[in-house]
Amino acid sequence: MELFVLWDIDHTLIENAGVSKEIYAAAFRALSGREPTEPARTEGRTDRLIMRDMFVREGLTVPDWHFIEAALTRAGEARLEELRRRGTALPGVHDALKAASAQTGWVSSVLTGNISANARVKLAAFGLDSLLDLPVGAYGADAELRPHLVAVARERAQRLHGVAADIPTVLVGDTPRDVEAALTTSSGVLGVASGIHTQEELTAAGAVEVLPDLSDTKRVLGILESFAGH
């Protein structure tokens, strides 16, 4: 059975240990010439929205996106080793991704608010990049709102792999925004309470299937397989 699995990155696959907010602060500093007065507000939003919000809150003109993306890319590349030193892949992630990538008819990629370059940095830091089909993923430069990323990923999967337009799709993520993106695009969702949101919060957001983390590979694969039949 065919299935398109789209994994969130931060707090779903990896713990970035604060490096993400340092990347945003460094990009802001490079573009504005000064430190932000408060940290970036992330919570499952895309890089487009996160960075725009930082400039608006500081009362500054928002730079053109290509300048922002370049600054984010430089800041991410400079922090690869720091991320590797301080961060970690979350429990069970390597095994879950490996198992999903081995399933016949499945396409396993990412749906993330990170720009593509920094998504790759975060995954490569912990040896996860080779377990995902990253060219068909959807990233923070592709749209402002997370639900719009689902269509981007589906189009790429159709174009690059010839999958059906109506291939069953499931999002795996740790925030209510991941749940919202799934529900508003007729996708399945597996909530993972490995970030700041509890299992109860993810359930209240509309996720029927919620796990504390991805450590039980058999359970994770069983839930994902259930969406392949939808």
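Quick notes
- Residues in the range 99-118 that are out of contact with any Ser or Thr (no Cβ under 8 Å at 6 or more places or on another chain) and without any contact (Cβ under 8 Å) to a residue 40 or more places away in the chain were compared, and the one that is least open to solvent (accessible area, probe 1.4 Å) is 116.
- Pick from the range 108-149, criterion part of a loop (DSSP other than H, G, I, E, B) and among the acidic types (Asp, Glu), ranking: modelled with the lowest pLDDT: 144
- Where residue 96 falls short, out of the listed (1) within 22 Å of residue 20 (Cα to Cα); (2) over 13 Å from the mean Cα position of the chain (by Cα); (3) surrounded by 24 or more Cβ atoms within 10 Å (Cβ to Cβ): (1)
- Being surrounded by 15 or more Cβ atoms within 10 Å (Cβ to Cβ), free of Cβ contacts under 8 Å to residues at least 60 places away in the same chain and either at positive phi or more than 17 Å from the chain's Cα centre (by Cα) (or both) holds for only one residue in 63, 39, and it is 63.
- Scope the range 150-175; condition touching a helix residue (DSSP H, G or I) at 6+ places or on another chain (Cβ under 7 Å), buried (at least 19 other Cβ atoms within 10 Å of the Cβ) and in a helix (DSSP H, G or I); matching residues: 150, 153, 156, 157
- For the range 155-182, filtering for residues that are over 15 Å from residue 8 (Cβ atoms) and not polar (S, T, N, Q) leaves 13.
- Restricting attention to the range 18-75, the residues that are assigned to a helix (DSSP H, G or I), within 17 Å of residue 120 (Cα to Cα) and β-branched (Val, Ile, Thr) total 3.
The values are calculated or read from the model by the stated rules, or taken from the named source; none is laboratory data. Quick caveat: nothing in here was measured; it's all calculated off a predicted structure. For neighbour counting, all protein chains shown are included, and Cβ atoms are generated from backbone atoms with ideal geometry for every residue, glycine included. Keep in mind that these areas ignore ligands, DNA and RNA; they rest on the heavy atoms of the full protein, side chains included. Shrake-Rupley method; radii C 1.70, N 1.55, O 1.52, S 1.80 Å.
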